[in-house]
Amino acid sequence: MKTRKIPMRSCVVTKEKLEKKDLIRVLRTPEGNVIIDSTYKANGRGAYLKKDIEVVERAEKTKVLERQLKVEIPSKIYEELKELCK
């Protein structure tokens, strides 16, 4: 029986290659809104973060998500990301 390929993605902060299920996808929609995509299938420009509070705090401090998505990230999104990591 053929084994299924496991989708791997890179964290924009740590540059680690991890399985999709171990990452959180932050998405800029075509309208320019920023959302957290729990389905991993929404339309738009996405960036992945490792499910770790330290990584989320580092992303907020270095503004790496803002550079990746080319849009300002509201502090509410970072609060939601921290809640998901707990």
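Here, each number is a calculation from the coordinates, and none is a lab measurement. Bear in mind that the values here come from a model prediction, so they are computed numbers and not experimental data. Here the Cβ positions follow ideal geometry from the backbone for every residue, glycine too, while neighbour counts run over all protein chains shown.
Okay, here's what the table says:
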read-out	value
Separation of the ARG67 and THR3 label points, Cα + 7 Å toward Cβ, nm	3.5 nm
Difference of contour (0.36 nm per residue) and Cα-Cα distance, LYS41 to SER75	9.9 nm
Surface/4 estimate of mean projected area, convex hull on alpha-carbon atoms of region 1-76, nm²	5.7 nm²
Relative contact order for region 8-85, counting Cα pairs under 8 Å that sit 6 or more residues apart, in percent	29 percent
Exposure proxy ranking, count of Cβ atoms within 10 Å, fewest first, for MET8, MET1	MET1, MET8
